[in-house]
Amino acid sequence: MRELFIRNVRTEQAHRSTMLVLLFHHMNELQRDFKELIDFHQHGIRIRICPAEHLLELYDVTELARQTRIDDWITLQNAEKHKEQFEHFYIPNLPFSAVSDLVSFNDARTSIRLLLWALMKGRSVTAFSQGADPYHPVWQEADLHHGNAYLKREMKQQLQKVRGLGIRLIEKEEDLLQHFLNRTEKGVNPVITADTILNYAKDGKRYIEVDKGTIITPLARDTAREYHMEIGEKEGR
């Protein structure tokens, strides 16, 4: 029975994608829901959480496990040692310090070195951008929106540089799950339609970042031109 159990577990895990979630300390603390981690898990993506540098000096791991609702944790050292096993890398609370280190290629930090390796290896790297977007409402809610225009503009430009490196920035929680489902459904390419363009236009967006293999319908391209919207692959931007 034990051998059958182990064989079944191995068979199940062989068909599941594995995601490394890098959890950073954030100046706005960790004041948001991590419901998307459970959504990923329920859709067949195995989640392993890795605390970034100094996080566990500030937070209790038991409390973090309760907050994230995931108890599969791994150290930075082990994450780097076994990095080949991860197909996806996800940052749910992107801090300004990580943005700065990424754009300056600061591979002295293990967490940043892991992300740079993933990018150079062609792995999926995604971040929830609200933590590093000074114009996101979350900063107003925290009463941290009074910085001058130059400060906010510099922060925003740094964030755009991160996008240029190949990191997929997600602005809405509801877009996260669909993005990963598109990445993990073998043989199924996501489709950009005219309705997709219209939805982006309603949100005031002027650039749509797509992965290689994304299908863009002719009507979608016509609609994009009508709304002066650019569509580009993240590696070619």
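The values are calculated or read from the model by the stated rules, or taken from the named source; none is laboratory data. This is a predicted model, so every value here is computed, not measured. Every residue, glycine among them, receives a Cβ derived from its backbone with ideal geometry; neighbour counts consider all protein chains shown. Just so you know, the surface numbers come from the protein's heavy atoms only, side chains and all, with ligands and any DNA or RNA stripped out. Shrake-Rupley method; radii C 1.70, N 1.55, O 1.52, S 1.80 Å.
Brief remarks on what is shown
- Among the residues making up region 37-54, those that are under 16 Å from LEU20 (Cα atoms) and either in a loop (DSSP other than H, G, I, E, B) or modelled with pLDDT of 85 or more (or both) are HIS43, GLY44, ARG46, ILE47, ARG48, ILE49, CYS50, PRO51, ALA52, GLU53.
- The residue pairs whose first member lies in region 140-167 and is touching a residue at least 40 places away in the same chain (Cβ under 8 Å), whose second member is among the hydroxyl-bearing types (Ser, Thr, Tyr) and part of a helix (DSSP H, G or I), and whose beta carbons are closer than 8 Å, counting only pairs six or more residues apart or on different chains, are GLN158/SER100; LEU159/SER129.
- Test: residue in region 50-69 that is in contact with a helix residue (DSSP H, G or I) (Cβ under 7 Å, 6 or more places away or on another chain) and over 23 Å from ARG163 (Cα atoms): yes
- Residue count, region 62-100 (criterion: open to solvent by less than 70 Å² (accessible area, probe 1.4 Å) and part of a loop (DSSP other than H, G, I, E, B)): 9
- Cβ-Cβ distances below 7 Å connect the following pairs, each with a first residue in region 21-36 that is modelled with pLDDT of 85 or more, a second residue that is assigned to a helix (DSSP H, G or I) and surrounded by fewer than 16 Cβ atoms within 10 Å (Cβ to Cβ), and a separation of six or more residues or different chains: HIS25/LEU58.
- Taken over region 107-121, the residue count meeting the criterion of being without any contact (Cβ under 8 Å) to a residue 60 or more places away in the chain and open to solvent by less than 50 Å² (accessible area, probe 1.4 Å) is 5.
- For GLY166, the conditions (1) loosely packed, with under 15 Cβ neighbours inside 10 Å; (2) on the phi > 0 side of the Ramachandran plot all hold with the exception of (1).
- The residue that is nearest to ILE74 (Cα to Cα), counting only those in region 122-153 that are open to solvent by less than 80 Å² (accessible area, probe 1.4 Å) and of a type in the set (Lys, Arg), is ARG123.
- Taken over region 95-117, the criterion of being more than 19 Å from LEU55 (Cβ to Cβ) and in contact with a Phe, Trp or Tyr (Cβ under 7 Å, 6 or more places away or on another chain) is satisfied by LEU116 alone.
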